[in-house]
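Student: Here it is: the structure, laid out below.
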Amino acid sequence: MSDTTTTTPVPAPSPAPQPPTAKRSLQDKIIEAYISDADTLLETASTDPDIAPILLKHGYDEVEFQIGRDLISAAQGAYEGRTGGIGKQLKSTETLQQEIKAARNDYAAFREIARGAFPSQSDRVALSLTGDVPDDFQRFLTLAHASYAAAGKDPCKTKMTKRGYGDVRLAELNQALDGLTGTDADQNEAEGNAIGDTTARDQAYAALKEYIKELKATCRGAFRGKDALLAKLKL
């Protein structure tokens with residue numbers, strides 16, 4: 001009887017998590033591709049010597065083609081405006097998060113030093129140092145402002161000034177907190193603008209689609225059975 005050894009396979013290590021990457025939405029990619037295809041179609045239809053004369057008989061003169069070009073320009077402009085709006089929105093959100101983090105770090109340092117300076121419960125209550133710092137944005141602002149205000153008044157002022165929290169430093173900290181409210185408003189404005197940009201993009205896209213749909217239908221009818229010309233138009 002031969003001895004056999006069963007080796008339990010060692011599972012491969014899990015791949016390291018990859019950092020998230022920003023991706024354009026599928027809708028953005030579809031619209032970008034459509035605008036590009038529409039521009040190519042319009043250029044071929046209006047300039048090809050075998051195609052343009054026939055389409056002229058169906059009313060597609062220079063004026064009609066210019067309407068299409070204007071619609072393409074409008075759609076492209078709205079698309080780029082929407083993309084820029086989203087970028088501003090993301091930038092405002094990132095800025096707000098960074099500034100909140102910095103303000104929370106400043107306040108955490110203040111609490112640590114103030115607790116060391118004032119071990120009694122009554123003093124800590126006066127400085128709003130009891131309990132945890134709330135996660136809620138507005139409650140955090142209220143708490144931090146209250147702590148800084150108490151630190152600038154007797155009986156805490158002399159000791160806190162000595163520990164690095166004099167009038168100038170406290171004014172800087174309060175100003176940073178006030179700036180958070182302005183940054184939050186900027187973020188909300190950016191989000192609203194991005195929504196408006198998306199609406200404008202979708203309207204321009206719909207108008208272009210309506211024009212291109214009719215042009216394609218006209219081409220398919222006008223060049224029915226003429227596969228070579230349809231191929232030039234990618235139809």
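Student: Answer rounded, prolate or oblate for the stretch 26-68, using the Cα gyration tensor with square roots of eigenvalues a ≥ b ≥ c: rounded when a/c is under 1.5, else prolate when a/b is larger than b/c, else oblate.
Tutor: Judged from the Cα gyration tensor, the stretch 26-68 comes out prolate (a/c at least 1.5, a/b above b/c).
Student: Now for a different question. Let me see the P(r) profile for the stretch 118-168: every Cα-Cα distance counted, bins of 10 Å, each bin given as a percent of all pairs.
Tutor: All Cα pairs, binned at 10 Å, distribute as 26, 51, 23, 0 percent.
Student: Can you put S46, S147 in order, fewest other beta carbons within 10 Å first?
Tutor: S46, S147
Student: Could you please rank S120, S36, placing first whichever residue has the fewest other Cβ atoms within 10 Å of its Cβ?
Tutor: S120, S36
Student: A further question on this structure: Arrange the following residues from fewest to most other Cβ atoms within 10 Å of their Cβ: V168, V133, V125.
Tutor: In order of increasing Cβ crowding within 10 Å: V168, V125, V133.
Here, each number is a calculation from the coordinates, and none is a lab measurement. Keep in mind that what you see is a predicted model, and the values were worked out from it rather than measured. Positions of Cβ are backbone-derived with ideal geometry, glycine not excepted, and every protein chain shown enters the neighbour counts.
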